[in-house]
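Participant: What follows is a single structure, and I will ask about it in a moment.
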Amino acid sequence: MAEKAQKIVGVKGMNDLLPATSYQWLWLEDKLRVWLSQYGYENIRTPILENTQLFTRSIGEVTDIVEKEMYSFIDSLNGDALTLRPEGTAGTIRAVVEHNLLYNANQKLWYIGPMFRHERPQKGRYRQFHQLGVEALGFKGPDVDCEIILMLNHLWQILGLSGVELQINCLGNKDERLAHREALIAYFEQHQELLDEEAKRRLHTNPLRILDTKNPAMQELVGNAPKLLAYLGEQSQAHYTGWKAGLDALKIAYVENPRLVRGLDYYNLSVFEWVSSDLGSQSTVCGGGRYDPLVAELSGKENYAIGFAIGLERLLLSLEAQNKLIIKPACDIYIVNDGVGAAEMAFNLAQELRTLGYKVIQHLGGGSFKSQFKKADSYGARLSLVIGENEVKLNQVVLKLMAEQKQELIAHTQLSQYVTNFFNS
Ligand code: HAM
């Protein structure tokens, strides 16, 4: 006897999206597309695989993502070092530069798709997850910084999402961060005995990330550490003040969080995160900021850039927690059919009604009327059309109003009018 084949399952942390929830994704994606076009954003689609160097150079060598979360491999066919994209900004800028899209032009771009990070999976954190990303390129700000926040605030309104807090910070420029970094190292060195292992490791590589620590024993130390804001020069201060004044004028509430540093190295000036109260530990629904230096790094020319990405799983989880997801769309009409000529008539009527715009499911595969009505119920049909041999002969149908538990006999010639009246009433 052949051995039973071992079941092959999906990769840990990478989820299948099944019909039980995929309709929610389609609904959300439709809303997102309309919203993005209202602000003049255009779609860009870049490959899921990029040369590894793109990410090490842009996200930064000593970030968590590059140090331990990237799916990197050598292509055995040609020796290329490749990586499954952990985020969408680097690939977008690579494509924009490669195709010269910033030559005498601005760009407002969006993308949607899977991203890959080898993290420990838990609720709201996956190894394959999906982002909706937006990148506004060539705008100096801070007006665009305000519009980016305005549009996100608008999205939460469109979706009916509440309880998302906007946290903002200003990361200044490279020199300012360097001066702050030195002050931070000096401060933490003075308090070596209070640092945990992770912080000691980061002290001379990425001391800013120490500020992000979740270790309760280090909170006081971190709370008293030198603040970057104190090291900002006039221009950075002005950018930050302009951004905040814009948000005040738009009446958008925010919390200044001087410890907000983001997990990617490419940012400067404005950074922000939207944090949901419904998500537990993985609570950041959306993160982003200005990253002017990345465009220069990848193109060799100074330019301006700001953007964000929304974690779509997290957004859907928060919407679910607040009961804001649509219920599964039902079908309008189910066509029950049995007997000689019934299937043919059903095909014709189904097409006739679909042409009018209705969602029609024709029963396939036979079976008793009773079992077919059960199917109609499970699809949530509001009307069932019943076609048996008699109906075929007389060119008529029995129409069953499912919720009303009523039945009517209708001539084929009157069907379209009847159905239209029923759904319009
Ligand atoms: P990020 O903060 O690394 O930024 O990711 C943005 C969002 O993606 C997070 O706030 C979160 O909602 C979601 N996310 C990240 N990792 C996971 C995960 N493992 N599982 C589920 N969701 C996750 C960026 O990626 C930047 N590229 C954003 C950006 C665009 N900045 C400027 N332009």
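The values are calculated or read from the model by the stated rules, or taken from the named source; none is laboratory data. Here the structure is a predicted model, which means the values were calculated and not measured. Cβ coordinates were reconstructed from backbone atoms using ideal geometry, including for glycine residues, and neighbour counts include every protein chain displayed. Ligands, DNA and RNA are stripped out before the accessible areas are found, and what is left, the full protein with its side chains, is counted by its heavy atoms. Shrake-Rupley method; radii C 1.70, N 1.55, O 1.52, S 1.80 Å.
Participant: Given the pairs Lys12/Lys214; Lys31/Lys328; Lys12/Lys200; Lys324/Lys375; Lys31/Lys400; Lys31/Lys108, which are separated by over 22 angstrom at their Cα positions? Let's see the in-between values first.
Facilitator: Values: Lys12/Lys214 25 Å; Lys31/Lys328 16 Å; Lys12/Lys200 31 Å; Lys324/Lys375 27 Å; Lys31/Lys400 34 Å; Lys31/Lys108 18 Å.
The pairs that break the limit, which is 22 Å between Cα atoms, are Lys12/Lys214; Lys12/Lys200; Lys324/Lys375; Lys31/Lys400.
Participant: Here's another thing I want to ask about it. Explain nothing, just the number: relative contact order of the chain, from Cα pairs under 8 Å at least 6 residues apart, as a whole percent.
Facilitator: Worked out over the chain, it gives 14 percent.
Participant: Give the Debye-formula value of log10 I(q)/I(0) at each listed q (0.26 Å⁻¹), with one equal scatterer per alpha carbon of the stretch 333-424, two decimals each.
Facilitator: -1.65
Participant: Taking amide H positions as placed 1.01 Å from N in the peptide plane, with prolines and chain starts having none, which residues 5 or more places from Ser270, or on another chain, fall under 5 Å of its amide H?
Facilitator: Here the answer is Leu171, Arg290, since their amide H atoms fall under 5 Å of that of Ser270.
Participant: State the percentage of accessible surface on the chain attributable to carbon and sulfur atoms; use a 1.4 Å probe and exclude ligands, DNA and RNA.
Facilitator: Looking at the chain in its full context, I get 51 percent from C and S.
Participant: Take the eigenvalues of the Cα gyration tensor for the stretch 259-378, scale each by 5, and report the square roots as semi-axes in whole Å, largest first.
Facilitator: Result for the stretch 259-378: semi-axes of 54, 20, 10 Å.
Participant: Which of Val66, Val392, Val271 moves the most in a Gaussian network model of the chain with Cα springs under 10 Å?
Facilitator: For the chain, modelled as a Gaussian network with Cα springs under 10 Å, the answer is Val392.
Participant: Per residue, what accessible area does the chain have, given a 1.4 Å probe and all protein chains present, in Å²? Each step should come with its number before you reach the end.
Facilitator: On the way: 21890 Å² over 425 residues.
Dividing the accessible area of the chain by its residue count gives 52 Å².
Participant: Let me ask another. Under the Karplus relation 6.51 cos²θ - 1.76 cosθ + 1.60, θ = phi - 60°, what is the ordered set of whole-Hz ³J(HN,Hα) values for the stretch 344-361, x standing for Gly and Pro?
Facilitator: 4, 5, 4, 4, 5, 5, 4, 5, 4, 6, 5, 4, 6, x, 8, 8, 10, 10
Participant: While we're on this one: Nothing charged except the Cβ atoms of Lys and Arg (+1) and of Asp and Glu (-1): what's the magnitude of the dipole of the stretch 333-424 about its Cα centre? Round to the nearest 20 debye. Can you show the working numbers first?
Facilitator: Numbers: 9 positive and 8 negative charges, 55 e Å.
Around 260 debye, computed over the stretch 333-424.
Participant: Rounded to the nearest 20 Debye, what is the dipole magnitude of the chain about its Cα centre when Lys and Arg each give +1 and Asp and Glu each give -1 at the C-beta?
Facilitator: Dipole about the Cα centre, nearest 20: 940 debye.
Participant: Between the stretch 1-44 and the stretch 241-255, how far is it from one alpha carbon centroid to the other, in angstrom?
Facilitator: Rounded to whole Å, the Cα centres lie 35 Å apart.
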